[in-house]
1. Pick from LEU21, LEU120, LEU136: which is most flexible by mean-square fluctuation in a GNM of the chain where alpha carbon atoms under 10 Å apart are linked?
2. Mind pulling the angle between the C-alpha long axis of helix 2-35 and the longest principal axis of the chain? Nearest 10 degrees, somewhere in 0 to 90.
3. On the protein heavy atoms, probe 1.4 angstrom, tell me the percent of accessible surface of the stretch 133-274 carried by carbon and sulfur.
4. Can you pull a Stokes-Einstein diffusion coefficient for the chain at 25 °C (0.890 mPa s), Rh from Kirkwood over Cα pairs, as a whole number of µm²/s?
5. Which listed residue (ALA208, VAL193, ILE218) has the Cα farthest towards the positive end of the charge dipole for the stretch 148-219, taking +1 on Lys and Arg C-beta and -1 on Asp and Glu C-beta about the Cα centre?
6. If you put +1 on each Lys and Arg Cβ and -1 on each Asp and Glu Cβ, how big is the dipole of the stretch 85-206 around its Cα centre, in Debye rounded to 20?
7. If you take the charge dipole of the stretch 1-118 about its Cα centre, with +1 on Lys and Arg Cβ and -1 on Asp and Glu Cβ, which of VAL54, GLY74, LEU39 is farthest toward its positive end?
8. Can you list residues from other chains, or at least 5 along the same chain, whose modelled amide H is less than 5 Å from the amide H of GLU144?
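The values are calculated or read from the model by the stated rules, or taken from the named source; none is laboratory data. Computed from a prediction, not measured in an experiment: that's the story for all the values here. Here the Cβ positions follow ideal geometry from the backbone for every residue, glycine too, while neighbour counts run over all protein chains shown. The area values use the complete protein model at the heavy-atom level, side chains included, leaving out ligands, DNA and RNA. Shrake-Rupley method; radii C 1.70, N 1.55, O 1.52, S 1.80 Å.
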Amino acid sequence: AKAKGKGCYQVFESRMHEELLDRLDSESRLRDAVHRGELRLHVQPVVDLAGGGVAGMEALVRWADPERGLQQPGAFIPLAEETGLIAEIDRWVLFEACRAAADWPDTWVSVNLSAATLDLPDLTDRVAYALSTTGLSPRRLVLELTETVLMRDVTVTSARLEELRELGVRIAIDDFGTGYSSLGYLRDIPVDVLKVDRSFIDGLAGNARQQQLVSAVIQLGHTLGLKVVTEGVETADQLRLLTRMGARYAQGYHLGRPGPVEEQGQLSTNTATV
Ligand code: C2E
Ligand code: CA
Ligand code: CA
Ligand code: CA
C-alpha cells in the first residue's frame, strides 16, 4: 500500500509539473503574441431598436495562436489578468478599435477595460493618444467597465472616470446586475451607458417576474438619462419583449455575431433590417 501511495504521489507530482510547464509556455507565448501581431480585433454590433440600424460596435479581442488556432477571450484573458499582460492587450485593442471606428460613418465603438488597465497611471494619456492619432471623435468612444472593477474603491474610481470623461469619452457599466450593490454605482459613479447583463435576458420569454425586473431596470436607466443596452439577445421573442418594454439598444447573436473587424460592413447590412 505504501509503494502504491508513493507511485500515486509521483504521478500527481509529474502532472503538476506538466501543468506548470504548460502554463509557463502559454504565458511566454501570450507575452509574445502582442509583438508578433497575433491579436485580432473582432466586433459585434449594438443595434438601435428605434432606428433599426447599427448604433455601435463592441470590440472583442481574439488571439490567433499559431499552435492552437483562434482563441476566445475566455481562454487567455484570465491568464493575461494574472500576469499583468492584460494592460498591453487592452492598449492594443483600444488603439485598433479607435483606428477602425475612425473610418465608420458615425457608429460608436466600445472597448473593454480590465481592472489593471483602469489602474494604469497613464490610462488617460493613452486614451488621448489613441484619439488624437486616429482622429476619432471622443464622443464615439465608450469604455466598458464591469461592476466588479468599479466596486473596488468608489472614490478612486470616480476620480479616474471623471478624468476620462473630461476627454469627452463615455463610460459604460458592463454586465449590470451581476454585482451585489448595483444601485450604489448609479448614485456614486459617473456613467453614461448601462449594459444589462445577458443573464437577465436569458429565459426572459417564459418569466413574467423577470420581465418586470428588466422593464424596471430599463426605465431606471432612462430616468437617469443613461443609454441602456440589453446584452445577449438570442431570440426573436426576446427582441419583441424588449422592444415592447421600450429598450432602445440591443446586442446579441440574434442581431449579429462578433466577427473580424474587416468584415464589419457585412455585419451592418445583416442587421439593418431589424
Ligand atoms: P463581455 O464584455 O460581456 O462581452 C460580451 C460577450 O458575450 C462576448 O464574448 C460575446 O461574444 C458574447 N455574446 C454576445 N452576444 C451573445 C449572445 O447572444 N449569447 C451569448 N451566449 N453570448 C453572447 P467573448 O467575445 O467571448 O468575450 C468574453 C469576455 O471577455 C467579454 O465579456 C469581456 O469581459 C472579455 N473581453 C473581450 N475582449 C476584451 C478586451 O479587449 N479586453 C478585456 N479586458 N476584456 C475583454
Ligand atoms: Ca463588454
Ligand atoms: Ca457584458
Ligand atoms: Ca461579461
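1. Among LEU21, LEU120, LEU136, the largest GNM mean-square fluctuation belongs to LEU21.
2. Helix 2-35 sits at roughly 50 degrees to that axis.
3. Numbers: 3450 of 6930 Å².
Carbon plus sulfur share of accessible area: 50 percent.
4. Reported coefficient: 122 µm²/s.
5. ALA208
6. Numbers: 12 positive and 20 negative charges, 44 e Å.
Value, rounded to 20: 220 debye.
7. GLY74
8. For GLU144, whose amide H was placed from the backbone, the distant partners under 5 Å are VAL111, ASN112, LEU113, ALA172.
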